Amino acid sequence: MTRTRRIATIVVLGTIGALAGTTIAAAGGGGHCAPTEGSAEQVALEGACFTPSTLRVDVGETITFVNRDPFAHNVSGTGWGHYEDMGQGDRFTTSFKVDGIYPFACTLHPGMNGVVVVGEDTGVQALADTGPPTASSGSESDSGAWLAAGAVGLVLGAAAGVGLAGLRRRDAASPTAA
């Protein structure tokens with residue numbers, strides 16, 4: 001492989017890695033799914049989304065997560081959840097004994113996440129009443145996340161390009177079997 005082709009390969013793979021990194025960063029907070037809110041006792045895992053993504057329940061109320069996708073999901077929360085793969089039609093049931101906000105995610109699909117809001121006195125309304133963050137604080141944190149994800153993706157893509165170039169060089173140098 002010529003030096004020019006090697007450099008071009010590294011640049012292309014680095015660009016792909018950077019784009020992948022920014023896509024993953026943008027996926028956090030709902031991913032490709034529109035946020036939904038509900039008070040039903042069931043959360044569907046469907047289209048690689050939790051529906052509803054925000055569920056409001058009373059203390060002690062039973063919540064059932066049902067996988068309706070033809071591929072595996074899990075429901076991971078801090079200190080609770082169903083970490084094993086759930087196949088199509090599998091169910092996981094839980095309840096919470098204390099008011100609070102309980103985030104969860106599928107560790108198999110980045111950006112597939114949601115939250116269970118238990119009880120009335122969780123502080124969620126106080127947060128909602130403060131309104132959205134100011135433009136300066138929101139844009140600074142958003143641009144920082146995008147830049148960090150892009151930089152990580154660029155480094156990973158460049159490393160992949162260098163590794164692939166080394167493998168190709170080694171394969172080209174080794175004798176072929178007859």
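Summary of values
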| quantity | calculated |
| --- | --- |
| Top-ranked residue in segment 48-74 [being free of Cβ contacts under 8 Å to residues at least 40 places away in the same chain and touching a Cys at 6+ places or on another chain (Cβ under 7 Å); ranked as surrounded by the fewest Cβ atoms within 10 Å (Cβ to Cβ)] | Asn74 |
| Filtered residue count, segment 7-47, keeping only those that are at pLDDT 70 or above, in a helix (DSSP H, G or I) and open to solvent by 60 Å² or more (accessible area, probe 1.4 Å) | 1 |
| Residues (open to solvent by less than 80 Å² (accessible area, probe 1.4 Å), closer than 15 Å to His73 by Cβ and not in a strand (DSSP E or B)) located in segment 88-107 | Gly89, Asp90, Cys106 |
| Condition broken by Thr78, with the remaining ones in (1) open to solvent by less than 70 Å² (accessible area, probe 1.4 Å); (2) out of contact with any Lys or Arg (no Cβ under 7 Å at 6 or more places or on another chain); (3) polar (S, T, N, Q) satisfied | (1) |
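The values are calculated or read from the model by the stated rules, or taken from the named source; none is laboratory data. Remember, predicted model here, so these are calculated numbers, not experimental data. Glycine also receives a Cβ, built like all others from the backbone with ideal geometry; neighbour counts cover every protein chain displayed. Remember, those area values only see protein heavy atoms, side chains included, never the ligands or the DNA or RNA. Shrake-Rupley method; radii C 1.70, N 1.55, O 1.52, S 1.80 Å.
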